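Worksheet: the structure to be examined is printed underneath.
Computed from the coordinates by the stated procedures, all read-outs in this text should not be read as laboratory data. None of the values given here were measured: they were computed from a predicted structure. Cβ placement follows ideal geometry from the backbone for every residue including glycine, while neighbour counts extend to all protein chains displayed.
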Amino acid sequence: MTVKIVTDSSCDIPPEIARKLSITIVPLYIQFGDKTYRDGIDLDVDRLYHELAHSGEIPKTSVPSPGDFLKVYSNLAAETDQIISIHLSSGYSGTCNVAKLAQSYLDDKCRVEIIDSNSVSVGLGLIVIAAAKAAQEGKSLDQIVDLVHQISLRSHIFGKIEDLVSVLKGKRFRLTRGLILLGKISMALHIKLLGEVYDGGKIRSPAYVIGHKMALNQLKRWAKGCKGIKDLAIAYSTMPHEAEMLAECLEPLFPRERILITRLGCATSTYVGPGTLVMALVTDKQL
């Protein structure tokens, strides 16, 4: 039987790719005041930004329930006896722990492997896509689990954030006091924050720049420093043209037709805000 791949909606995988690769996406929840929505089902990104612009409420995310995962696993168990469930880093969320709890309620007829990707957004997305392609090629569960662990070690996420208000309020990134202070100053001066996100929300090599061109050049420099790029994805929150500009900048380093461009979903957008640009890549060896 073919191994089935499950992930959560923080992966920011386009729906058409998820359908093509038979990836099951379990939605996280977005809370606006006393209203709760399922990411990508009851709430899309356009409505999220409308609510952010016109509501005084600060949205929050919450993990799927054990019942949500149990329902997905049980339904897939009717088609297969092997499932790999890959989720965002436990440094951001308790999603992995909830998935493990649901796993404990299953009988032994279906093997379910829960994996913490140590990544998020399109970083997680690239890992999940690679796993789904391996499943379609007929790879075994153990082979795919090994592949996922290898790719996780070779994955890197870089980003540009313009709306540091969302970052500071969301508290999903583990910022040092110095970064928080610089962030507040940069908000007043309309300066963009760039950096590499690692280890479940830490930021290293922070850079503050003025203007979109300087931001794109910095992202290109980081990509150039990652030798042997095997996969590359770009995700944007509100500025698709900027994602296209970055893809064009990266064309000398990686074929444009192989760059995945997608939009950040509700779960990710809640914590990074408008103007955000994320670049995720996988190298052929660990840096």
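Students often check this: by mean Cβ neighbours within 10 Å, which of 191-197, 83-89, 33-39 ranks highest, and how do the rest follow? Before the final figure, lay out the partial values.
Numbers: 191-197: 20.9, 83-89: 26.1, 33-39: 15.0.
Top of the packing list down: 83-89, 191-197, 33-39.
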Pairs of Cα atoms under 8 Å, at least six residues apart: use those to get the relative contact order of the chain, whole percent.
22
Considering all projection directions equally, how large on average is the shadow of the alpha-carbon convex hull of the chain, in square nanometres?
14.5
Most mobile of D108, D199, D68 in a GNM of the chain (Cα contacts under 10 Å):
D108
Report, to the nearest 10°, how far helix 95-104 tilts away from the longest principal axis of the Cα atoms in the chain, using its own Cα long axis and a range of 0 to 90°.
10
Cross-link candidates for K35: which lysines have Cα within less than 18 Å, leaving aside residues fewer than 8 places away along the same chain?
K60
Any idea how far the Cα center of the range 132-154 sits from the one of the range 25-44, in Å?
30
Straight-line reach only, C-alpha to C-alpha below 26 angstrom: list the lysines that K4 could link to, leaving out same-chain residues fewer than 8 apart.
K20, K71, K100, K109, K133, K139, K230
